1. Of the heavy-atom accessible surface of the range 98-221 (probe 1.4 angstrom), what whole percent is carbon and sulfur?
2. Using only the heavy atoms of the protein chains and a 1.4 Å probe, how would Glu130, Glu210 rank by accessible area, largest first?
3. Roughly how many whole Å is it from the C-alpha centroid of the range 67-88 to that of the range 115-175?
4. With all protein chains present and a 1.4 Å probe, how do Arg139, Arg149, Arg132 order by accessible area, largest first?
Amino acid sequence: MTVTAVDQPEHLDKFGLQNTEPGPLPEEGPRPTPPSGWVPIRDLHARHRHRILDHLLQLDEHDRYLRFGNHIHKEQLSKYVASIDFKRDEVFGIFNRKLQLIAVAHLAAMPGVESQHGHAMEFGVSVLPEARGKGLGLRLFQHAIVHARNRHASHLMIHALTENAPMLRIAAKSGAVVEKDGMDAEAWLKLPPDTVGTHIDSSLQSLAAEVIYRVKYRVIHVSDWLRLMLSAG
């Protein structure tokens, strides 16, 4: 097993983490362009299971392989979504203008990992092909950092294949330590404690994202109703 540590500068970013510029990872493609402005990230709940499953089913076989670390079929995806414990874990989503779920992140508790890394949570993310290269995976990771801190997690972990350079780059950019073992890799990010600010930020982000979604929902349905009335006339 090889361990790659990322240099730690003295200044911190808005998430209370080290602001690092990691070295190049193997087989990495063009760096994504971070989205400008604020990106609404909505909290997903048990009632959204079908939306999450639909999102995962839009991934091709290779994308599912990178997301889960092995080849996974439709039946296995259904079992995975059905098994998500929304009381223990958190799931976030980014919707496009048509309210299609284009990116999903799962922040999962790791109750069995309490020794070396303390209270840890695992991060997994998937982005549809048409929404890639916009930095949405990074935004979801930063969002998950705040929520993990608010749940008093000491570490955030990403399990990924070594060929999944974009995912490992996201972790390394935040100052994570990447441990590689053959085809598998784990990235461990040590988190600072939660603060009043992280709880306020989390609540405001969730509220704003929900309001924006509801407004878009009403606009879309009003537009559909107007088109129906015009076509009937």
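The values are calculated or read from the model by the stated rules, or taken from the named source; none is laboratory data. What you see is a predicted model; the values in this text were computed from it and never measured. Protein only, heavy atoms only, side chains kept; ligands, DNA and RNA dropped before computing areas. Shrake-Rupley method; radii C 1.70, N 1.55, O 1.52, S 1.80 Å.
1. On the way: 3210 of 5380 Å².
After summing per-atom areas, the C and S share lands at 60 percent.
2. Values: Glu130 115, Glu210 50 Å².
Correct descending sequence by accessible area is Glu130, Glu210.
3. 18
4. Numbers: Arg139 60, Arg149 15, Arg132 105 Å².
The ordering from most to least exposed comes out as Arg132, Arg139, Arg149.
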